[in-house]
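Report on the following structure.
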Amino acid sequence: MKPSGAKGILMALTAVVLVVGGVWFGRASVRGPAETADSGSASPSITVQPAAQAPQAASASLPVAVSAVETVSATATASASPAKAAAPSAQPQAVPSTPVAASTASAPTSTLPGQTALGDYFKSLTDANSAVYVVKPGDNLTRIAKQYGVTPGLVGAANAVKGDRIFPGQKLRIPRAKLSVLVEKSTNTLHLKADASVVRSYRIATGKDRSTPEGTFKIINHLKNPTWYYEGKVIPPDSPDNPLGTRWMGFDKEGYGLHGTTRPDEIGQFATLGCVRMLNEDIESLFELLPVGTEVTIIA
């Protein structure tokens, strides 16, 4: 059955609409995956965006790494600082080591610092504290010294006489002060005194276990290059077993006196059998200055 004209036209238009709609819906269905791809590309872009932000996170962590380096550097600096601080303390230790080596190589120093030198004492002699003697023909130092109760060595030292060479008309000063000796066991020190003034001090050695006797004694003899008599043995001056050194000045207490040494390293110690021990050069100087009868006082 054929449709009428108007009805046929309407049906034709409907068919066209259906066809067109089908085509549009077909395109809509074709574009769907493309949108999914767009969405998919957008989704990867979101996924990539965090990946792109990852360097930002890494750069954000970079200060942490730098901070870690700074911490290590600060630790290294802190650990280095004690080394730098220790360096000054190490230097004074090195400085003190040189003097020790020097003192080991050098001979012991006998004269104590802060004491008047004997030469200064002689230079200070005036008419008030010394006598003036005018040398006569035929005089010698021994004869002159005997007149004043002093030693030739004292007259020579006070006037800077070399040897025994004096000449007529020469004026010599003779010290009036009485020389004496004071020994301090506690400090192992010997003081040479002119009246009450100390004119020179020396390092000495005294007895083991403080065995050096205390009191006031007098020098009764002088010996050069003494022989040592000990426990029945006779030990000559040149023997290494003779501890008396080059000079002996005996006390009025038997067996005791001032003497030199063959063991200079023991000066300053409690090392003797009871005598007062000095360096040879020191005892030789005193030997020339102190006459028989000189008082020696020994205190603790």
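Every condition in (1) among the charged types (D, E, K, R); (2) in a helix (DSSP H, G or I); (3) modelled with pLDDT of 95 or more holds for ASP139 except the one numbered (2). If you go through the stretch 225-235 and pick out every residue that is in contact with a Leu (Cβ under 9 Å, 6 or more places away or on another chain) and not in a strand (DSSP E or B), you end up with 3.
For (1) outside the structural domain of VAL181 (by TED's automatic domain parsing); (2) out of contact with any strand residue (DSSP E or B) (no Cβ under 9 Å at 6 or more places or on another chain); (3) in a helix (DSSP H, G or I), each residue gets a yes or a no:
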site: LEU223; (1), (2), (3): no, no, no
site: PRO237; (1), (2), (3): no, no, no
site: PRO240; (1), (2), (3): no, yes, no
site: GLY245; (1), (2), (3): no, no, no
site: MET249; (1), (2), (3): no, no, no
site: LEU258; (1), (2), (3): no, no, no
site: THR262; (1), (2), (3): no, yes, no
site: GLU281; (1), (2), (3): no, yes, yes
site: LEU286; (1), (2), (3): no, no, yes
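Of the residues that make up the stretch 171-187, is at least one over 26 Å from GLY250 (Cβ atoms), in a loop (DSSP other than H, G, I, E, B) and modelled with pLDDT of 95 or more? Yes: the stretch 171-187 contains one or more residues that are over 26 Å from GLY250 (Cβ atoms), in a loop (DSSP other than H, G, I, E, B) and modelled with pLDDT of 95 or more.
The values are calculated or read from the model by the stated rules, or taken from the named source; none is laboratory data. If you're wondering where the values come from, they're calculated on a predicted model, not measured in any experiment. Methodologically, a virtual Cβ is constructed for each residue, glycine included, from the backbone with ideal geometry; neighbour enumeration extends over all protein chains shown.
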